[in-house]
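Notes to accompany the following structure.
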Amino acid sequence: MGLSGIHEAAGADAGPVQAAAAGTVSWVGRTVSWLLPVMVALVFAIVLMRYGFNLGWIWLQELVVYMHSAVFLLVIAWAFQGDEHVRVDIFYRDASPRHKARINLGGTLLFVVPFSVYLLWVGWDYVSASWAVHEGSREAGGLDFVYLLKSLILLLPVLLLMQCYDTIRHCLQTLRANRPGSD
């Protein structure tokens, strides 16, 4: 059993913070994922207008980039929540729930948390500088909201850390519940 069973409803024994974290990550992921069909339709329209009618607007092409960035940066935590992320599961697939919890706990603490903290640390100045000048597109006719786009760089680690809290708590509960000799 992966993490997905617990994360669907945050479990009956989840505290309010864990439930809020899981709910927020899930809501953001489900909401932002609806940009995918919009992006497909928009790219189709851009190609049709460009090659069928010789029309094109930079802002429309940049809008696709903004949506793609939002999908990529804001759905990662949701994929982690649903245990849908890429994993080399040679040893994981047939492991016991206790062993899976140890792997998930170790991976979360050794990789996801440090990456998220580092991204917050490094990204803060980068995003702040963009907000200070209300950075816009370098292209004539482009969107003037690059500073908002760059803000997504900080939302990624925030959402990941929220999910890490939920994952760590779940792993610890699993390890406590599945102690050898606790049957």
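The values are calculated or read from the model by the stated rules, or taken from the named source; none is laboratory data. Keep in mind that what you see is a predicted model, and the values were worked out from it rather than measured. Neighbour counts run over all protein chains shown; Cβ positions are idealised from the backbone, glycine included.
Quick notes on this one:
- Criterion: in contact (Cβ under 8 Å) with a residue 24 or more places away in the chain, surrounded by fewer than 17 Cβ atoms within 10 Å (Cβ to Cβ) and under 25 Å from LEU149 (Cα atoms) - qualifying residue of LEU36, LEU73: LEU36
- Options ALA95, ALA79, ALA45, ALA101; residue that is modelled with pLDDT of 95 or more and either surrounded by 12 or more Cβ atoms within 10 Å (Cβ to Cβ) or small (Gly, Ala, Ser) (or both): ALA45
- Segment 128-146, subset more than 23 Å from the chain's Cα centre (by Cα) and in contact (Cβ under 8 Å) with a residue 60 or more places away in the chain, residue farthest from TYR66 (Cα to Cα): ALA140
- First in segment 148-177 and of a type in the set (Gly, Ala, Ser), second anywhere and surrounded by 18 or more Cβ atoms within 10 Å (Cβ to Cβ), Cβ under 9 Å, 6 or more apart: SER151/VAL127; SER151/SER130
- Residue list for segment 55-99, restricted to those being charged (D, E, K, R), more than 18 Å from the chain's Cα centre (by Cα) and part of a loop (DSSP other than H, G, I, E, B): ASP89, ARG93, ASP94
- Residue count for segment 76-97, restricted to those that are without any contact (Cβ under 8 Å) to a residue 40 or more places away in the chain and of a type in the set (Asp, Glu): 2.
- Within the option set VAL122, VAL112, being free of Cβ contacts under 8 Å to residues at least 60 places away in the same chain, among the β-branched types (Val, Ile, Thr), in a helix (DSSP H, G or I) and surrounded by fewer than 15 Cβ atoms within 10 Å (Cβ to Cβ) holds for one residue only, VAL122.
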